[in-house]
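Values in this text are rule-based calculations from the coordinates and carry no lab data. In this text the structure is predicted, and so the values were computed from the model without any measurement. So basically every Cβ, Gly included, is an ideal-geometry build from the backbone, and we count neighbours across all protein chains shown.
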Amino acid sequence: MLRVGICDALRVLLLISAAVPSIIAQIPGIGRCPPNVQVQSNFQLPDFLGQWYEYERYPFIFEAGGKCTYARYASLPNGTVSVYNFNINSITNRKSDISGTAKVMAPAKLLVRFPGMPDFVSGSNYWVLGTDYTSYAVVYSCTDFYSLLNTKVIWVLTRERKPSESVISQARQVIDDNKLSKLFLFKTNQDNCPES
């Protein structure tokens, strides 16, 4: 009986993965998003604002082949946050950027929107799992698809393009503390990047 249930769940996962190309680019899981993920306590949005370089992340379709990736956050007069993302395609050397906004939904939980992007991206949750504000931040997003499966993305962001190993160790500890996998993280190329 259990074997049939797992096989059925895998079939559903494969069918939905084939039908929704976005799932292939994130890390899929069966069922709902993990319920016990903890965000940064006493989160201070003003201290989080500014520029962050992407050190490593889970695969994400909109950053495929990207290098020199960074994000910049700033406060807007209406209480929302401006979001600016930049990268360079490592094959074509073409620069790519996008601007959007983020609305604070709860402490350390934002909802990010990019105009013209599909609903699963524009309207994605953006949870800050941990940060010291001055050197690292770990950001997490998980989206449920009909309670059958989910897709997760983790970003490890740093204030410096080339952070120290001790900074990265602190960030990875946040991932461990939330019982999330580091297996799918891959390092972003930050070599030979233009000044930002």
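For E195 and M105, FRET efficiency with R0 = 45 Å and r from the beta-carbon atoms, rounded to 0.05?
E(calc), rounded to 0.05, equals 0.85.
Within segment 120-196, list the trypsin sites (Lys or Arg not before Pro) lying in a DSSP loop whose Cβ has at most 11 other Cβ atoms in a 10 Å radius.
Passing sites in segment 120-196 are K179.
Going by a ≥ b ≥ c, the root eigenvalues of the Cα gyration tensor, does segment 61-196 fall in the rounded group (a/c under 1.5), the prolate group (a/b larger than b/c) or the oblate group?
Details: a/c = 1.26, a/b = 1.07, b/c = 1.18.
Since a/c stays below 1.5, the shape of segment 61-196 is classed as rounded.
Using a Förster radius of 25 Å, what is the FRET efficiency between S41 and K162 based on their Cβ-Cβ separation? Nearest 0.05, please.
0.30
For S90 and N125 in one chain, what is 0.36 nm times their gap in residues minus the Cα-Cα distance, to one decimal in nm?
Once the chain is fully extended between S90 and N125, it gains 9.9 nm.
Which Rg and Dmax, in Å, describe the Cα atoms of segment 121-161?
Every Cα atom of segment 121-161 included, Rg and Dmax give 12.5, 39 Å.
Report the trypsin sites (Lys or Arg not before Pro) located in segment 63-94 that are in a DSSP loop and have at most 11 other Cβ atoms inside 10 Å of their Cβ, or state none.
Answer by residue number: R94.
Of the cross-linked pairs K152/K187; K109/K152; K95/K182, which ones have a Cα-Cα span greater than 22 Å in the structure shown?
Listed pairs above 22 Å: K95/K182.
With a Förster radius of 30 Å, plug the Cβ-Cβ distance of S181 and Y133 into 1/(1 + (r/R0)^6) and report the FRET value to the nearest 0.05.
On the way: r = 25 Å, r/R0 = 0.84.
The calculated FRET efficiency here is 0.75.
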